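Trainee: Structure provided below as structure tokens; questions to follow.
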Amino acid sequence: DGVKEPLEVVHTLRQQLIRSDGRKNYALADFVAPATTGAPDYLGGFAVTTGHRLDQLVQEFERAHDDYSAILAKALADRLAEAFAECLHRRARSDWGYGVGEELSREQLISEKYRGIRPAFGYPACPDHSEKRRLFELLEAPSQGIELTESCAMLPAASVSGLYFGHPKARYFTVGRVDRDQVEDYARRAGMSLEETERWLTPNLGYDPDA
């Protein structure tokens, strides 16, 4: 509140599907209140880990030829990281005023029967992993011991990051294939070359970049 200049800009892609039923093509930007409305709105960001010292623990199990415990430790750390993100999401819903007193069963939580979504960069709704760099800088994630590799993989491996959207109609979706016109526009907005953008979005390209 009261900030005059943007702290950061999150770049999104829009579905480019040919639909015959009149349904919309979504972008995550659809779930943020337009500035022209004057309505207050917030976009949450998170980066959490439960992987500190996990590598040492796994190595100890492996040296003891206890492969089962090594696999179990990694799986448990992954589940705990997801639980950490879920816990913070509940806190965000409460802080934003629509999750106060929220009581959901385990089944309802698993089915995500609550308002809002938490998409992660590199996943179907926001497939560009490089956007993690902006998020990590904004959150000062490295100060908490979470780093990014050159390919934007997170270290420790048992880490989760992404965005919290509170729009009542926010939903998960798959961007799918995008055409050159949108990739060129995305590259311009994100401040990347077309070639670099195409590398990050290779699985989503609806055209041959070498053609």
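The values are calculated or read from the model by the stated rules, or taken from the named source; none is laboratory data. Everything numeric in this text was worked out from a predicted model, so none of it was measured. Ligands, DNA and RNA are excluded from the accessible area calculation, which covers all protein heavy atoms including side chains. Shrake-Rupley method; radii C 1.70, N 1.55, O 1.52, S 1.80 Å.
Trainee: Take the solvent-accessible surface of the protein heavy atoms, probe 1.4 Å, and return the percent of it on the chain that carbon and sulfur atoms account for.
Mentor: Values: 6920 of 13200 Å².
Solvent-exposed carbon and sulfur of the chain make up 52 percent of the total.
Trainee: Something else: Treating cross-link reach as a plain straight distance, find the lysines whose alpha-carbon is under 27 Å from the alpha-carbon of residue 4, omitting any fewer than eight places away in the same chain.
Mentor: By straight Cα distance, residue 4 reaches 132.
Trainee: Rounded to the nearest 10 Å², what accessible area does residue 164 have for a 1.4 Å probe in the complete protein model?
Mentor: 10 Å²
Trainee: Enter the accessible area per residue of the chain (Å², integer; probe 1.4 Å; all protein chains in place).
Mentor: Value returned for the chain: 63 Å² of accessible area per residue.
Trainee: Where a Cα-Cα gap under 21 Å defines reach, which lysines qualify for residue 113, not counting those fewer than 8 residues away within the same chain?
Mentor: Reachable lysines: 169.
Trainee: Additional query: Explain nothing, just the number: relative contact order of the chain, from Cα pairs under 8 Å at least 6 residues apart, as a whole percent.
Mentor: 29 percent
Trainee: Rank these by accessible area, largest first, 1.4 Å probe: 49, 174, 149.
Mentor: 174, 149, 49
Trainee: Could you check which residue among 122, 51, 101 shows the biggest mean-square fluctuation in a GNM of the chain with a 10 Å Cα cutoff?
Mentor: Fluctuation is largest for 101.
Trainee: Using only the alpha-carbon atoms of the chain as identical scatterers, what base-10 log of I(q)/I(0) does the Debye formula give at q = 0.09, 0.12, 0.14, 0.15 Å⁻¹?
Mentor: -0.44, -0.76, -1.00, -1.12
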